[in-house]
Amino acid sequence: MNGKSEALNGQSAPRPAPGIGWNEVKAELIEFFASIKLAMFLFLIIAVVATIGTVLQQNERADVYIKEYGEDAYRWFLRLGWTDIYHTWYFTSLLALLCINSLTCFYQRFPGIWRSMHQDKVSVQLPFIKNLKQTVEIPVAGTKEGVSKGIVQYLAEKGYMVLAKNEPGEATLYATKGIMGRVGAHMAHLSATVIVTGGLIGSLYGFQEFGVCIEGQTYHIPKGSFDLRIDKFWIDYHENGSVKSYNSTLTVLEKGEEKTTKTISVNDPLVYKGIWFYQSSYGDSWDQVDVARLNVKDKKTDKILQTVDLQWKKETALDKLGLTVTLSDFVADFGFNSSEKKVYSKSVEHENPAIKLVMAEHTKKSALEATPWIFYHYPDLFDIPGSQYRFELVGYQPRKFTGLQITRDPGVTIVWIGSTMIVVGISLSSFIYHRRLWFKVIPARSDGSGAQGESSVTVHFGGTTHKNQIDFNKEFRKLTERIKTLNV
Amino acid sequence: MLRSLFLFDMTFWLYLAAFALYVAYVFARKPAMQMAVAGHPAESSSFTTESDQGWAVQIGQVATIITVFGWMMNTAALFTRAMERMQHSGTFAPWSNQFEAMSYVSWAIILGYVLLEFRYRIKTIGAFVVGIGFIAMGAASLLPYRYQTAEPLVPALNSYWIYIHVSVTLTSYAAFAMAGGLGLMYLVRERAERKGQSSQLLAVLPDLETIDELGYKAIMVGFPMLAFGIILGAMWANYAWGGYWSWDPKETWSLIVWLIYGAYIHARMTRGWEGRRAAIYAVFGFLMVIFCFWGVNFLLSGLHAYA
Ligand code: HEM
């Protein structure tokens, strides 16, 4: 393998290859991977595959698909990977192929462009000029040297790079402009791989997590080995009542020491040691409330004796009734795990909210301690045996949680580098076009037809561009006019 | 209620008038002058000299004036809307919902057309491109009223990124609209050529090569701009959604559109992809742009769907 690729460099010696040698295979491979047809195919097939992912919702729960499309269809979706199409092996392969394709194109073509920036293109014959797409023949009065000089000067003014060769019978000029347009195209070709590489690094070494955090709490961020304290969360409203922004004030703590504090909101994350904290959502907490309002009723008469607002986990004494109550727990969607004998919230929705009271009752008639659950929707569900009272939960104010997205993506800088390359590259190639002009200035034969003492020459002038024919034609015409009226 | 709505209305009527005048202009031109051009695209000097007589000159001039006037009205409408937004919600961008975005696209299409007319002096293009600008404006005004007002932005949109990301993307749509219009024009002229010399259209439209080249140029303006717009969107998403790319339908669709035009510019380098095929492709590409702009907002769900 090693020896073979060395032989490549010395291509001057033809290898007596029996059958198909490495060189042929390599040439075929390059031919295939550098082909524009493959590029077009990839562009379009990626577009088609991407379309599937926009029509079919991605990463939904199974029942969502089954409800909409039926079980058979869903089985096919799974088999084809359509429920997460952008992470299937075939989509990834298409992207990889596009990278290989554009890299090969770069490898095949860029060296030529690079060389042409430094190379002599002035040794051309007259038939070459006459065969160009745009070509004219202009008789001009003047000497060979004088006319050449005039043309060179004009072209230089127009920003062309000019090479000239003066030979006894003729002068040849080569002028070029806008090579950056082609360099730009190849910059775009490299960028595809840069961007994909950045994305790959991100998905291999990055992470993305979601944290539900409550005001006043401190959370450890294991991947960053520091702590995050939620100082405050609040919502701003527009005049018409719609939400304007939601915000959290966060403090980073390292070993208990405050490092930095920032108020984040949507569009304005906190970045600390490469980890980004986004304000992503907010909602009502499902296991904490700030206040709950309670009616205390007489069990027999069903009359409201007193209404109190209970603070979270603070003991309240109702001396008149001989009661002390504490709001000790809350669940938004009551569930009971009978094996563990534990109450929990079945969901984050406030479907079946309930509070737990810790109460002590000492009156003339009764003395007891109890920890009843009081249901918002079912006030009469449980009776407290031996008590004179019944409790009714009439309302509560849930604690808000702030939803933080916590992300690290070490590939993102590379993606931005690739993005810059693609935008600069395509822009260069769109707005700068490569033009090449050739001139031969040939003295007219002195057969006596010209006036005495005045020499004349014929300028053969031709040019090409790889695109933007209209503007090039215009420029070509202007140049032709200019040469005709050259005053030397 | 909103002053800008009145101005948008005026813009609509002016564009309608301009469009009608351009169509009239096409039919008022004298055929004779242009016969030679059709067969000889190489002598392309002829496309810059539209020689008109009689009515045609005046109609053409009035069409241009009305177009420019309509564009100024459009500018005023967008500006007024920006001020209204400023008052209501403290943001400025007059392209924050579907209606405003459509109006902005019309604005960009017409601006592009006016620049093209001043540079290349081909008025007949107006019959196609001003037509698209007018249709965009018309479609905007057909939106239900609640889409037309200046409601405050939801928090995710409330950012300075909206100024640059949205305007760049929409401007690229306008360039693709221009290319689509030119593609249509190419096909119309090509059909006329196949039918024979007698057609009036044959005589008044610029030659095929010119139309083809201009269409290509429009795409070459739109292509880098869309790339830039998508990347600005990715940067915004990196601040707002916590990731630069999340395969949300809208961003995926703009990538799809970009890939479609990527295939186009590479196709042009292979043989046989100029002229008719390229024109059909440009029209197809524009239909995809329309879907990306309208269809996605109304048919597919996703993070972008706030219209
Ligand atoms: C991945 C994204 C790609 C982008 C953004 C891109 C972009 C471009 C651009 C803007 C141009 C200039 C077009 C013009 O001058 O009219 C170009 C030219 C070209 N592209 Fe691509 N391209 C990509 C992929 C590819 C691939 C996969 C191939 C594979 C063959 C390819 C082959 C070419 C060739 C041969 C040229 C002409 C280069 C020259 O002028 O020397 N491109 N490309």
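Here the Gaussian network model covers chain B, with springs between Cα atoms less than 10 Å apart; of B:Arg277, B:Arg81, B:Arg194, B:Arg194 fluctuates the most.
Centre-to-centre separation between the Cα atoms of region B:60-81 and those of region B:157-180: 20 Å.
Projecting the alpha carbon convex hull of region A:22-105 along each direction and taking the average yields 6.5 nm².
Note on B:258-266: average number of Cβ atoms from other chains within 10 Å of each residue's Cβ is 6. Summing +1 for each Lys or Arg and -1 for each Asp or Glu among the other residues whose beta-carbon sits under 13 angstrom from that of B:Val130 gives 0. Remark: C-alpha extents of region B:216-280 on the principal axes read 45, 19, 16 Å, sorted largest to smallest. Here the alpha carbons of region A:287-399 define both size measures, Rg and Dmax, at 13.8, 42 Å. Quick query: amide H of A:Ala444 versus all other amide H atoms, modeled in the peptide plane; which residues come in under 5 Å with a sequence gap of 5 or more or a different chain? Hits under the 5 Å cutoff: A:Ser456, A:Val457, A:Thr458.
The residues neighbouring A:Ser148, those whose beta-carbon lies less than 13 Å from its own, together hold a net charge of +1 under the Lys/Arg +1, Asp/Glu -1 convention. Backbone geometry of region A:380-385 corresponds, through the Karplus equation with coefficients 6.51, -1.76 and 1.60 at θ = phi - 60°, to 3J(HN,Hα) couplings of 9, 5, 10, 9, 9, x Hz, x marking Gly and Pro.
Mind listing which trypsin sites (Lys or Arg not before Pro) in region A:60-157 are in a DSSP loop and have 16 or fewer other Cβ atoms within 10 Å?
Numbers: sites: A:Arg61, A:Lys67, A:Arg75, A:Arg79, A:Arg109, A:Arg115, A:Lys121, A:Lys130, A:Lys133, A:Lys144, A:Lys149; in loops: A:Arg61, A:Lys121, A:Lys133.
Passing sites in region A:60-157 are A:Arg61, A:Lys121, A:Lys133.
A straight line joining the Cα centroids of region B:200-269 and region A:144-200 runs 28 Å.
Of all the C-alpha pairs in the protein assembly as shown, what % are more than 38 Å from each other?
Details: 184546 of 315615 pairs.
Every Cα pair in the protein assembly as shown considered, those over 38 Å come to 58 percent.
Summarising the amide proton neighbourhood of A:Phe330: residues at separation of 5 or more, or on other chains, whose placed amide H is nearer than 5 Å comprise A:Lys356. Per-residue 3J(HN,Hα) values for region A:94-102, derived from phi via the Karplus relation 6.51 cos²θ - 1.76 cosθ + 1.60 with θ = phi - 60°, read 4, 5, 4, 4, 4, 5, 4, 4, 6 Hz in sequence order (x marks Gly and Pro). Diagonalising the gyration tensor over the Cα atoms of region A:199-317 and scaling each eigenvalue by 5 before taking the square root yields semi-axes of 39, 19, 14 Å, largest first. Considering only the other residues whose Cβ falls under 14 Å of the Cβ of A:Thr485, what net charge follows from Lys and Arg at +1 and Asp and Glu at -1? My count for the surroundings of A:Thr485 gives +3. Label region B:103-180 by shape, choosing from rounded, prolate and oblate, from the square roots a ≥ b ≥ c of the eigenvalues of the Cα gyration tensor; if a/c is under 1.5 it is rounded, and otherwise prolate applies when a/b is larger than b/c, oblate when it is not. Oblate. Kindly state, to the nearest 0.05, the FRET efficiency for A:Ala73 paired with A:Leu126, given R0 = 60 Å and r defined as their beta-carbon distance. Approximately 0.30, to the nearest 0.05.
Out of every Cα-Cα pair that region A:333-440 contains, those further apart than 16 angstrom amount to 77 percent. Annotation: amide H of A:Lys346 within the under-5 Å range of A:Asp333, A:Phe334, A:Gly335, sequence separation 5 or more or interchain, hydrogens built in the peptide plane.
Hull volume per residue, based on the alpha-carbon atoms of region A:156-231 and their convex hull, is 207 Å³.
Scalar couplings 3J(HN,Hα) for region B:273-290, obtained by applying the Karplus form with A = 6.51, B = -1.76, C = 1.60 to θ = phi - 60°, are 10, 9, x, 4, 4, 4, 5, 4, 4, 5, 5, 4, x, 5, 4, 5, 4, 4 Hz; x denotes Gly and Pro. Across every pair of non-identical alpha carbons in region B:144-195, the mean reciprocal distance, once inverted, gives a Kirkwood radius of 14.4 Å.
Straight-line cross-link partners of A:Lys165 among the lysines, defined as a Cα under 18 Å from its Cα and at least 8 positions apart when in the same chain: A:Lys121, A:Lys144, A:Lys149, A:Lys440.
Note on chain B: Cα-Cα pairs beyond 28 Å make up 41% of the total pair count.
All of the numbers you see were taken from the coordinates with simple rules; none came from a lab. Because the structure is predicted, anything quoted here is derived from the model rather than measured. All Cβ positions, glycine included, derive from the backbone under ideal geometry; neighbour counts span all protein chains shown.
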